[in-house]
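One structure is given below, encoded as C-alpha cells.
The values are calculated or read from the model by the stated rules, or taken from the named source; none is laboratory data. Quantities reported herein were computed from a predicted structural model and do not represent experimental measurements. Ideal geometry is used to build each Cβ from the backbone, glycine not excepted, and the neighbour counts take in all protein chains shown. Protein only, heavy atoms only, side chains kept; ligands, DNA and RNA dropped before computing areas. Shrake-Rupley method; radii C 1.70, N 1.55, O 1.52, S 1.80 Å.
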Amino acid sequence: MTTPERRQLRPTDVKRLNRDWRRRTDARLGLLVESVTQPFNIGSIIRSAAAFGVEHLWLAGNATPPTHRNVAKTALGTERLLPWSHAGTAAEAAEAVRKEGLRLVAVELTGDALPLHEAPLDGDVCLAVGGEDHGCSPALLAAADAVAYIPQVGRVGSLNVAVATAIALGEARRREWAG
C-alpha cells in the first residue's frame, strides 16, 4: 500500500480552505488586550486575532497600539485587517465589549478560574488578556463574566501573552467548530 504524495497547499487552495471554515463560523469573537506593551507581543496577538476572525480588538491601559512602527515586524500586514480602538481603562473597555453584546472571559490564573477547555466560550464572546508582567488587572478581573486558565503540565509557571492569546482564540473557535 502506498501513501499519496503530500504537498503543501498553493495560495489559492489555502484561500478556498479558509473560506470553507469562515462559512462554518457564526459566533462573534472579540479580544480585549490590557497593558501589553511589547510591540512584538502586540504584533503576534494581532496576527493570531486576524487568523481566528476576531471582529474587534479593544486596547486598555497602556497597551501599545497597532500603529507602533515595530508592531508590523510580527503582524506582517495583518494589522490593517483588524479593526481596533483604545477603550481607556479596563472597566471602560469591558463596558465597550458589553455594548457590543459580547460576554467577557479573562484568561488569567485565579483561584476561581476554570480550565480553558471548560470555560464558557460558546456563543458571542470576547477574550481578555493582560500585560506581560502582571497579567489582568484587578479591575479587568472584576469586570469579567468568567476567568479561564490554560492548563500546563511542564515546569514553567506561565506562557508568553501572545502564545496564551493564540491558544485561547484557537480553543474558542475549536469549540464552535466541534459543535
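Restricting the first residue to segment 162-179 and requiring it to be more than 27 Å from residue 39 (Cα to Cα), which pairs with a second residue that is surrounded by fewer than 15 Cβ atoms within 10 Å (Cβ to Cβ) meet a Cβ separation below 7 Å and a spacing of at least six or different chains?
That search, which allows pairs on different chains as well, returns 175/122; 176/25; 177/24.
Looking at 140, 104, 114, 109, can you tell me which residue is of a type in the set (A, V, I, L, M, F, W, C), within 26 Å of residue 22 (Cβ to Cβ) and in contact with a strand residue (DSSP E or B) (Cβ under 7 Å, 6 or more places away or on another chain)?
Checking each option against the conditions leaves just 104.
Looking only at segment 7-26, count every residue that is open to solvent by 100 Å² or more (accessible area, probe 1.4 Å), closer than 15 Å to residue 52 by Cβ and not in a helix (DSSP H, G or I) and tell me the total.
Number of matching residues: 2.
Scanning for something acidic (Asp, Glu), in a loop (DSSP other than H, G, I, E, B) and surrounded by 11 or more Cβ atoms within 10 Å (Cβ to Cβ), does segment 50-58 turn up at least one residue?
yes
Quick one: in segment 123-179, which of the residues that are acidic (Asp, Glu) and in contact with a helix residue (DSSP H, G or I) (Cβ under 6 Å, 6 or more places away or on another chain) is most open to solvent (accessible area, probe 1.4 Å)?
Within segment 123-179, the match that is most open to solvent (accessible area, probe 1.4 Å) is 132.
List pairs: first residue in segment 54-72 and on the phi > 0 side of the Ramachandran plot, second residue part of a loop (DSSP other than H, G, I, E, B) and small (Gly, Ala, Ser) anywhere in the structure, Cβ distance under 9 angstrom, at least six positions apart or on different chains.
Pairs found: 61/35; 61/88; 61/130; 61/137.
Of these, 4, 65, which one is at pLDDT below 95 and either outside any helix (DSSP H, G or I) or more than 20 Å from residue 146 (Cα to Cα) (or both)?
Just one listed residue meets the conditions, 4.
Consider residue 108 against the criteria (1) without any contact (Cβ under 8 Å) to a residue 12 or more places away in the chain; (2) in contact with a Cys (Cβ under 9 Å, 6 or more places away or on another chain): it satisfies all of them except one. Which criterion is unmet?
Result: residue 108 passes all but (1).
Touching a Pro at 6+ places or on another chain (Cβ under 8 Å) and either charged (D, E, K, R) or surrounded by 20 or more Cβ atoms within 10 Å (Cβ to Cβ) (or both): does that describe residue 116?
In short, yes.
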